[in-house]
Amino acid sequence: MLNRLRSAFGTLLRGRRFREELDEEIAFHIDAYTDDLIASGMDPVEARRQARLRFGSPEEVKTASREAHGVALIDEALRNLRFAVRGMLRNPLFSVTFALTLGLCIGAGTAVYSVVDSVLWRPLPYPSPDRLALVVTYNPETGKVPGYNAVDGRSWELIRDGAQMFPRAVFSDWPAGVNLSADDAAAYVQQQRVSAGFFSTLEVAPLIGREFEVSEDIPSGPAVAILSHELWQRTFNGDPQIVGRTIRLKGDAHTVVGVMPAGFRSSFPTDVWTPLRPSPTGEGSGTNYKILVRLPPGMSWEGADARIAGIQTTRSSQPDAPETLFGLVPLNRALTADMQQPLLLLLGAIVIMLLVGCANLAGLQIARALARQPEIATRQALGGGTGAILRQMVTENVALGILGGLAGLAVAYLGIDGLEALVQAHFDTWRTIDLDARALAAAFGLTVLATLLFGLAPVLQVRKFDVRGVLAGGSRTVMGGGGHRLRKALLVGEVALVTALLSGAGLLVRSYGYLDRLDPGFDAEGVLTVQLSMDDARYSSAAEVNRFIDETLAGIERQPSVASAAVALTLPYERPLNMPFRIVGVEDPEGTYRIANVVYVTPDFFETLGVPLLRGRNLETADGPDAPTVVIANQAFIDANLVDGPAIGSRLTFGGREFEVVGIAGDVQQARGGWGSSEPIWKSPTLYISAAQAGDGFFRGIHIWFSPSWLVKTTGSPAGLAASITNTIHDVNPDMPVARVTLLSEVMAQALARPRFEAMFLVIVAAFALLLAVVGLYGIVANEVVERTSEMGLRMALGATPGKAVWTVGLPGLQLTVVGLVAGGVLTAITGRWIAQVIWGVVPYDPITLGVVGIGVTVLAATASFVPATRIARLEPSTILREE
Amino acid sequence: MLITKELLPGTLDMLILKALSLGPNHGYGVLLRIEQTSKGLVSLEQGSLYPALNRLEHRGLIASEWGTSENNRKAKFYSLTPAGTKRLEHEASRWTQMVEAVTNVLDALPMES
């Protein structure tokens, strides 16, 4: 086989020399024969004539000899390719439409698939990542809930002691911004706290140094830290003597014991790791830990799950409490649980666009093939083999496909970086996104298959028909019916898919509109926020925290353009702290508890944000550390907990202290915090306590998770104020890095960034799909116009009005659209149940959305149908008939 | 006398291989050799020899080389490759079998059943 290929290509490449050699060989042959004839007594002139005659045509011999080397197919392929290129240039509009459609489908499909694959499906970058799992507790009646995989300190102790055959560790999945200082450098870095054995469970060893030891992972163990490779390079210039050096984290001296390898990531981007020191009390009394285990070699997932389930959970030992079990969730699925749905939604949208694109390509192909039927029939009538015609068509289609493939590659490469940035900004992921070669191949294969399949079907059909019929029919085609039916079916499918996609996009837009128009409950106008980490040894007591708050607020309020300023643990539209509480005098059933968000604020908080105080009084400076502890509840809290009796004066206990409700404030929108509501933002029951009355332990505990914000309401430009506020803070404490300076309106926008991104993405994809479908419809009607021109001319000559003729030609397009719309409605109803999970404030059968989509598609379809149809009206019947 | 077109398909290739098995030769020589060894019963359309030679060369059954002819002219000489030798043996035995089979049938006499 190889030899033959070499022989074929050798012949091809030698081209001229091959012919020259043959010439020489033939000349020798004829000369030798002539000589022999002369030798046998023939006259020399006659001998040469005879020799030539007997030899036959040298040209035929040469061609046949050349083809003997198997070059015929290659020759034909090259010829076909030249035809194909010429054909593309002759019909540039078709070629460009085709290549762009193909490019869009391949490129967008590949880029989005690559993103989804990178974020959701690619194995985690650890050895044997499919053997890693999180241990979760779950109610066997409801099953494991993806995304809910945090456990408390007692659960960790049970797993630590009960699952000894598993490599296991526990970590905090709560990103904490902390202040790092070393020598003269100060930086705000991301810290993660992990237990001893965390890195060895992942099977990633530190690049230099070692990981945490059990003796360091106990309360009041030695303060040690492990650096990320990036931090080591960035802040310490890759100091090879880093192990053993002292750095200050949150003001406390820590000894560096190791540096992780470059590119290592745990569950979120981390600069420095410190020991978790897990405990069943304090932080560990709530579900603030995640337990990582690795399946021992040879153990199946079922076996491992059964072993883990065999360990008694804390709650099952209590009477009446719902039974809970320990179980395993594969690590990758656990970490990506909340991204699964939106990313699959994006992928689904792209797949629909891809299908519409394929249908459109098929439609274009059928139209083109129909137009070429007379040419094909002529060639067949002239004796052209079907094989040769097929080969030529395949070449043309493959050339188009390659053109489209290149366009697709360009789209994918240009799109992937932007998409990566968008996804990393809107989804909680650190995964890098690379173009997936398999996806590219699959998208390319699918579209080219559609191209070929529908490009060739009409040719194959011609074989079955009478060639004479096609030729005698002139411009009309015998197989028009079959081809048109297919094309129309494709169009109905396109309209149906586009309708469903547009409805989905419309619902997401309506959902985003609902979220965006929700009354925030406060006025963000002119409010600047500055976030600082207070998780710092210098602020380990309530007195120190409050002195810092008082001094910075006083400095800020002295500035001329500042109207008022306050400090709050969390901002509206962000995720707040939640705590269980009890109402004094109310007996709740055993095993149940009430939960509310708790925010510490300074007295001017409500004034700064313009949150109305509905009843009672505000927090005052008099509500100091020694005064009775008071709390302001919001209306949602009252509605949920204190509907009976006077709310003011009620007493609540939480965090081990008792508070009196002294005022009721208006509700503000807050991000969901894993309880109460599945909406991205909602007016959650909230308690506001005075920062001045918070205790040492409360501050220390919550400042690990939350960095409080300074809120400044300005009369002038808030942006111009940023520098002077930062300076004021540095006047009070020069070593206080600023974590974030941003407008409150930005914080609000950020909270809705993901629904906005999803809605925008779907709208863009749906718009492209709609464009494709409209192009397809326009093509069908335009084709119909051309084919029925003579018929319409005849009708008009017989007295039909031009309007009637236009109606007759344009109507089928509209009819197809209506059929497509109905099918699309059915599709929307089917997908509605699923889409209901990602929309808020709007039902999946929202009449406004469906109405707008239906009317919009109909209007566009009518335009696409009747614009080409009006061409009929402008025609002169006599001209048309004469042309026939 | 048989002309090229009357030969059974594939026979020409076999004749060329046989001719070359007697020793390397140029195209004209192959032609003469076939006509001579057939005792004048085969008369080839001379041009048809060359596509056949090229086809055999393409299949790796013969090899070619430029050399000098008996009257000192540059000529292309063909020779059998090992694959060609094998093919010739195979074709020849098949041919013999076929001839024998056909002959047997043609020689059959009416028999009492």
Exercise. Identify all residues within region A:24-55 that are closer than 16 Å to B:Tyr28 by Cα, away from chain B (no Cβ under 11 Å) and of a type in the set (D, E, K, R); write none if there are none.
Key: A:Arg48
Quiz item: Is it true that some residue in region A:98-109 is within 14 Å of another protein chain (Cβ to nearest Cβ) and among the polar types (S, T, N, Q)?
Solution: no
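Which residues, taken from region B:68-92, are of a type in the set (A, V, I, L, M, F, W, C) and closer than 17 Å to B:Leu53 by Cα? Even if it seems obvious, please write down each step before you answer.
Going residue by residue through region B:68-92, those that are of a type in the set (A, V, I, L, M, F, W, C) are B:75, B:77, B:80, B:83, B:88, B:92.
Of everything in region B:68-92, those that are of a type in the set (A, V, I, L, M, F, W, C) and closer than 17 Å to B:Leu53 by Cα turn out to be B:Ala75, B:Phe77, B:Leu80, B:Ala83, B:Leu88.
Mind listing just one residue for me: the one in region A:811-826 that is hydrophobic (A, V, I, L, M, F, W, C) and at pLDDT below 90 and, of those, surrounded by the fewest Cβ atoms within 10 Å (Cβ to Cβ)?
Of the residues in region A:811-826, the ones hydrophobic (A, V, I, L, M, F, W, C) are A:811, A:814, A:816, A:818-819, A:821-823, A:826.
Pick out the ones that are also at pLDDT below 90 and you get A:811, A:814, A:816.
Working: A:Leu811: 15, A:Leu814: 19, A:Leu816: 23.
This residue is A:Leu811.
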Quiz item: Is there a residue in region A:797-804 that is surrounded by 19 or more Cβ atoms within 10 Å (Cβ to Cβ) and of a type outside the set (Ser, Thr, Tyr)?
Solution: no
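Quick check on B:Leu20: is it within 14 Å of chain A (Cβ to nearest Cβ) and closer than 30 Å to A:Ala51 by Cβ? Can you show your working first?
On the way: within 14 Å of chain A (Cβ to nearest Cβ): no; closer than 30 Å to A:Ala51 by Cβ: yes.
No; evaluated as a whole, the condition is false for this residue.
Given the criterion away from chain B (no Cβ under 14 Å), more than 41 Å from the chain's Cα centre (by Cα) and among the basic types (Lys, Arg), identify the matching residue among A:Arg66, A:Arg90, A:Arg131, A:Arg82. Steps first, answer last, please.
Working: A:Arg66 fails: away from chain B (no Cβ under 14 Å); A:Arg90 fails: more than 41 Å from the chain's Cα centre (by Cα); A:Arg131 fails: more than 41 Å from the chain's Cα centre (by Cα).
Answer to the check: A:Arg82.
Within region A:414-446, track down each residue that is exposed (fewer than 14 other Cβ atoms within 10 Å of the Cβ) and over 26 Å from A:Phe83 (Cβ atoms).
Start the filter on region A:414-446 by keeping residues that are exposed (fewer than 14 other Cβ atoms within 10 Å of the Cβ), which leaves A:414, A:417-418, A:421, A:425, A:430, A:432, A:434, A:437-438, A:441, A:445.
Scanning region A:414-446 gives A:Leu414, A:Asp417, A:Gly418, A:Ala421, A:Ala425, A:Trp430, A:Thr432, A:Asp434, A:Ala437, A:Arg438, A:Ala441.
Given the condition in a loop (DSSP other than H, G, I, E, B), modelled with pLDDT under 95 and of a type in the set (A, V, I, L, M, F, W, C), answer yes or no: does some residue in region A:581-600 qualify? Even if it seems obvious, please write down each step before you answer.
Filtering region A:581-600 for residues in a loop (DSSP other than H, G, I, E, B) gives A:584-593.
In the following step, the residues that additionally are modelled with pLDDT under 95 were identified as A:584-593.
Going one step further and asking which of them are of a type in the set (A, V, I, L, M, F, W, C), we end up with A:584, A:586.
Yes, region A:581-600 contains at least one residue that is in a loop (DSSP other than H, G, I, E, B), modelled with pLDDT under 95 and of a type in the set (A, V, I, L, M, F, W, C).
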Quiz item: Somewhere in region A:269-285, is a residue of a type in the set (Ser, Thr, Tyr), in a loop (DSSP other than H, G, I, E, B) and over 26 Å from A:Thr429 (Cα atoms)?
Solution: yes
Quiz item: Can A:Gln373 be described as more than 20 Å from A:Leu93 (Cβ to Cβ), assigned to a helix (DSSP H, G or I) and of a type in the set (S, T, N, Q)?
Solution: yes
Quiz item: Out of region A:518-546, which residues are at pLDDT 90 or above and assigned to a helix (DSSP H, G or I)?
Solution: A:Ala542, A:Ala543, A:Glu544, A:Val545, A:Asn546
Exercise. Go through region A:183-229 and give me each residue that's buried (at least 17 other Cβ atoms within 10 Å of the Cβ) and charged (D, E, K, R).
Key: A:Arg193, A:Glu211, A:Glu216, A:Asp217
Quiz item: Which one of B:Ser43, B:Ser21 is surrounded by fewer than 18 Cβ atoms within 10 Å (Cβ to Cβ), within 21 Å of A:Glu60 (Cβ to Cβ) and of a type in the set (Ser, Thr, Tyr)?
Solution: B:Ser43
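If I filter region B:4-15 for residues that are in contact with an Asp or Glu (Cβ under 6 Å, 6 or more places away or on another chain), within 14 Å of chain A (Cβ to nearest Cβ) and part of a helix (DSSP H, G or I), do I get at least one hit?
Residues of region B:4-15 in contact with an Asp or Glu (Cβ under 6 Å, 6 or more places away or on another chain): B:4, B:14.
Subsequent filtering for residues that are within 14 Å of chain A (Cβ to nearest Cβ) retains B:4.
Okay, now just the ones that are also part of a helix (DSSP H, G or I), so B:4.
The answer is yes, given that some residue of region B:4-15 is in contact with an Asp or Glu (Cβ under 6 Å, 6 or more places away or on another chain), within 14 Å of chain A (Cβ to nearest Cβ) and part of a helix (DSSP H, G or I).
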Quiz item: So, in region A:562-592, of the ones that are under 13 Å from A:Leu652 (Cα atoms) and touching a Phe, Trp or Tyr at 6+ places or on another chain (Cβ under 8 Å), which residue ends up surrounded by the fewest Cβ atoms within 10 Å (Cβ to Cβ)?
Solution: A:Pro580
Quiz item: Only one of (1) of a type in the set (Gly, Ala, Ser); (2) surrounded by fewer than 19 Cβ atoms within 10 Å (Cβ to Cβ); (3) touching a residue at least 60 places away in the same chain (Cβ under 8 Å) is not met by A:Ala723, so which one is it?
Solution: (3)
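Being among the charged types (D, E, K, R) and either modelled with pLDDT under 90 or touching a Ser or Thr at 6+ places or on another chain (Cβ under 6 Å) (or both) narrows it down to one of A:Asp161, A:Asp173, so name that one. Lay out the reasoning, then the answer.
Values: A:Asp161 fails: either modelled with pLDDT under 90 or touching a Ser or Thr at 6+ places or on another chain (Cβ under 6 Å) (or both).
Being among the charged types (D, E, K, R) and either modelled with pLDDT under 90 or touching a Ser or Thr at 6+ places or on another chain (Cβ under 6 Å) (or both) holds for just one of A:Asp161, A:Asp173, which is A:Asp173.
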Quiz prompt | Residues of region A:685-726 that turn out to be farther than 22 Å from A:Glu283 by Cα, out of contact with any helix residue (DSSP H, G or I) (no Cβ under 9 Å at 6 or more places or on another chain) and hydroxyl-bearing (Ser, Thr, Tyr), as a count | solution = 3
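If you go through region A:232-255 one residue at a time, do you hit one that is among the charged types (D, E, K, R) and under 24 Å from A:Thr137 (Cα atoms)? Full working, then the answer.
Narrowing region A:232-255 to residues among the charged types (D, E, K, R): A:234, A:239, A:245, A:248, A:250, A:252.
Imposing the further condition that a residue be under 24 Å from A:Thr137 (Cα atoms) reduces the set to none.
Within region A:232-255 (the criterion being among the charged types (D, E, K, R) and under 24 Å from A:Thr137 (Cα atoms)), the answer is no, since none of the residues qualifies.
The values are calculated or read from the model by the stated rules, or taken from the named source; none is laboratory data. Quick caveat, the model's predicted, so the values are computed rather than measured. So basically every Cβ, Gly included, is an ideal-geometry build from the backbone, and we count neighbours across all protein chains shown.
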